[in-house]
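FYI, it's all coordinate maths here, none of it is from the lab. Please read all numbers here as calculations on a predicted model, not as lab measurements. Cβ atoms come from the backbone with ideal geometry, glycine included; neighbour counts cover every protein chain shown.
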Amino acid sequence: MGAGLAGLAAALELAAHAEVELVERLPAAGGSWQFDHPAVRDLVGRCDRAGVRLTMGVTALRWIERRLLLIGPGTRAWREADHLVFAGGTRPATPAELPLFGARVAGVFAGTVAHHLMEAHIALGRHLAVCGSGYWADLVLAEAPSHARVTVVGGDVPASPRVAAAWPGYAPVEVRGRDRVEQLVIERDGHARAIDCDCVVLAADQRPIRNVDGAITATPDVTYVQLCADTLTPDAVVDHAIATVAGLHGRNST
């Protein structure tokens, strides 16, 4: 389940030994790597030649008694399988997981949401505080408008002309504001300071996405292919996926 790089690589590895169906909620493969990434296009072609069945535009809701419930436009079906390979991707930590306290005001976005909004050319603010570095932070920085002032908090300092200021080693601890974000309090070794901003993007501390009822916790019939790392390369994702599913040969997998 999941047709990003990890899901595609896992499906291709298993296809030589089992019947494989690859399920993706989006209408095209690629996930956060995008459908036109060269590595994605290569794996899609190889999966097709290997006989992998690609089912696009449907959402997996439940895994129970080795059956997967799929819902989509005009579709409600159960798929029987010996094993579920869950390649649902990762997400940045939430405010509660960081932990980040303070006012619940407008202008605080998960890195995933911020990226999609910026791709649609929706302005999030004029002074962005991006918390974290690595995969999701890089995507956000690439889409940040030229007029926006960007401050990066924590992690390594990205090599990006979009970054006006950086606070490596600091962690976000509090959001201040009335209706909208006005300041972000950051802290390092007990020393706190407040930086002015009107948007906070949470792009730190990668966590696995596990959102299918019955496949949340580790069980003998579920394998997770989710590499949680701040910095990812296509080769690292593919290698991790192949190594993770290496022991599943001989089973029908979804």
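Provide 56, 1, 118 in ascending order of the number of other Cβ atoms located within 10 Å of each residue's Cβ, fewest first.
Taking fewest neighbouring Cβ atoms as first place, the list is 56, 118, 1.
Order these by the 10 Å Cβ neighbour count, fewest first: 131, 199, 228.
Going from sparsest to densest Cβ surroundings: 228, 199, 131.
For the modelled label position 7 Å from the Cα of residue 66 along Cα-to-Cβ, which residues of the stretch 207-232 have backbone nitrogen atoms closer than 16 Å?
Once the point is set 7 Å along Cα→Cβ of residue 66, 219-223 turn out to lie under 16 Å by backbone N, inside the stretch 207-232.
Label-point separation (nm) for residue 164 and residue 19, each offset 7 Å from Cα along Cα-to-Cβ?
Here the modelled spin labels are 5.9 nm apart.
Which three semi-axes in whole Å describe the equivalent ellipsoid of the stretch 101-202, each the square root of 5 times a Cα gyration tensor eigenvalue, listed largest first?
Semi-axis lengths for the stretch 101-202 are 19, 17, 11 Å.
Take 104, 193 and order them by how many other Cβ atoms sit within 10 Å, fewest up front.
The order, fewest Cβ neighbours first, is 104, 193.
How long are the semi-axes of the equivalent ellipsoid of the chain, taking √(5λ) for every eigenvalue λ of the Cα gyration tensor, in whole Å from largest down?
Ellipsoid semi-axes (Å, largest first): 37, 18, 17.
Picking from 98, 27, 83, whose Cα lies most toward the positive end of the charge dipole for the stretch 1-142 (charges on Cβ: Lys, Arg +1; Asp, Glu -1)?
Ranked along the dipole, the leading option is 98.
How are the alpha carbon pair distances in the stretch 47-120 distributed across 5 Å bins from zero to the largest one, expressed in percent?
Each 5 Å bin holds this share of Cα pairs: 3, 10, 14, 15, 15, 13, 14, 9, 5, 2, 0.
Could you work out the relative contact order of the stretch 132-254? I mean the mean sequence separation of Cα pairs under 8 Å and 6+ apart, divided by the number of residues, in percent.
Numbers: 154 pairs, mean separation 23.7, N = 123.
Across the stretch 132-254, relative contact order equals 19 percent.
Which of the GluC sites (Glu not before Pro) found in the stretch 9-100 are loop residues per DSSP with 13 or fewer other Cβ atoms within 10 Å of their Cβ?
Qualifying residues, ordered by number: 65, 97.
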